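**Q** For reference, the structure I am asking about is given below.
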Amino acid sequence: MAVIQETTRIVLAGKEPRSPRVPRSTGGWLVLVGKTIVGALFVVASLFPLAWMVIAGFKSKTEVVETPFQFFPEVWLWQNYAQILADPTFLRTLIWTFFGAVLFTVGSLAVNSLAAYAFARLDFRFKGVIWTVVITTMFIPGMTILLTSFIVVTRLSMLDTLAVLVIPGLASAGMVFFIRQFYLNIPKSLEEAAMLDGCGRFGIFLRIFLPLSKPPFVVMGITAFLAYWNSYVWPILTITSPERFVLQQYLATFRSERSTELGLLMAGSVLAAAPVIILFLIFQRQIIGNIKMAGLK
């Protein structure tokens with residue numbers, strides 16, 4: 001009776017009635033507790049290495065490897081982070097890597113979005129065959145073509161330049177596939193209306209598809225940025241001048257030259273990871289939402 005009266009009161013007030021809460025059974029509570037415990041363990045296992053790296057940046061070089069293990073330092077050494085930030089080589093490498101990552105991200109989105117538009121909307125000979133070849137390259141490990149890629153850039157005289165870090169990786173079959181799937185869901189009526197107004201194919205891409213491309217661009221842009229930011233094997237092979245080192249090369253060189261100063265190395269690693277973490281925190285809603293949307297489509 002009380003439920004009926006409450007429902008009547010809510011309806012008269014112009015609100016949707018809420019269904020009464022069904023109490024959980026004993027089995028339901030056990031499942032909920034089990035999921036919570038598993039989720040908590042997963043979070044701890046994921047965040048523990050990052051938390052330890054941040055804390056280790058405040059330790060002396062002996063405390064990092066001392067036994068028995070202590071998570072927190074006896075004395076917090078802020079000078080590790082201050083010393084890394086005061087190092088002009090680190091700052092130059094950080095700025096250089098960030099510039100290259102932005103350039104790579106913009107170029108990759110431009111190249112792959114144009115290819116995705118072509119495969120999604122244009123009709124041309126052997127389109128199906130070419131699309132099959134493009135998709136097949138997704139299953140070829142990058143390490144298998146490392147030697148041939150090195151030979152190509154060597155003959156093109158691209159070694160030890162910014163171009164060798166940016167250009168070889170611009171085209172991505174995975175990115176083309178992801179953006180193409182999004183473009184397939186854009187109504188063709190928008191294109192037809194633009195064509196009636198005298199707009200060409202490239203104009204349609206710039207005025208219709210490009211403004212609507214924010215969802216896939218956020219996900220693929222961050223993916224491209226991370227790929228460049230974390231690159232190590234390719235820069236090691238193609239870059240020899242210290243002033244053109246990317247961040248991972250700098251950290252590897254720092255570790256080999258000053259292997260005993262682990263506190264400084266941890267501080268540098270934290271500062272190197274900070275831009276990526278900040279980028280994810282800013283765009284986390286868009287990333288999760290767009291991946292869900294892509295999965296539903």
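**Q** In sequence order, what are the phi-derived ³J(HN,Hα) couplings for region 234-246 according to the Karplus relation 6.51 cos²θ - 1.76 cosθ + 1.60 with θ = phi - 60°, rounded to whole Hz, with x for glycine and proline?
**A** After applying 6.51 cos²θ - 1.76 cosθ + 1.60, I find 5, x, 4, 7, 10, 10, 10, 7, x, 6, 10, 4, 8 Hz.
**Q** So what are the ³J(HN,Hα) numbers for region 197-210, from phi and the Karplus equation (6.51, -1.76, 1.60; θ = phi - 60°), rounded to whole Hz, Gly and Pro as x?
**A** Per-residue couplings from phi come out as 7, x, 8, x, 4, 5, x, 4, 5, 6, 8, 10, 6, 4 Hz.
**Q** List the GluC sites (Glu not before Pro) within region 22-88 that DSSP assigns to loop and that have no more than 13 neighbouring Cβ atoms inside 10 Å.
**A** Passing sites in region 22-88 are Glu66, Glu74.
**Q** What are the DSSP H helices in the chain that stretch 27 Å or more along their long axis, judged by alpha-carbon atoms, and whose average Kyte-Doolittle hydropathy comes to at least 1.6?
**A** 26-56, 262-296
**Q** Something else now. Residue-wise, which Karplus ³J(HN,Hα) couplings in Hz belong to region 159-168, taking 6.51 cos²θ - 1.76 cosθ + 1.60, θ = phi - 60°, and x for glycine or proline?
**A** Values per residue, Gly and Pro as x: 5, 6, 9, 5, 4, 5, 8, 9, 5, x Hz.
**Q** Taking only Cα atoms and a 10 Å spring cutoff, compute GNM fluctuations for the chain and point out the largest among Val43, Val75, Val31.
**A** Of the options given, Val31 has the highest mean-square fluctuation.
**Q** For a quick check, take a GNM of the chain with Cα springs below 10 Å and name the residue from Asp87, Asp197, Asp160 with the largest mean-square fluctuation.
**A** Asp197
**Q** Over region 56-97, with a single point scatterer placed on each C-alpha, what log10 of the ratio I(q)/I(0) does the Debye formula yield at q = 0.20, 0.25, 0.27, 0.31 1/Å?
**A** Debye intensities relative to I(0), on a log10 scale: -0.66, -0.80, -0.85, -0.99.
**Q** Same structure, new question: Direction-averaged shadow area of the convex hull around the Cα atoms of the chain, nm²?
**A** Approximately 27.3 nm², given one-decimal rounding.
Taken together, the values in this text are just the output of simple stated rules run on the coordinates, not laboratory data. The structure displayed is predicted, hence computed values, not measured ones. In this analysis, Cβ positions are derived from the backbone assuming ideal geometry, glycine residues included, and neighbour counts consider all displayed protein chains.
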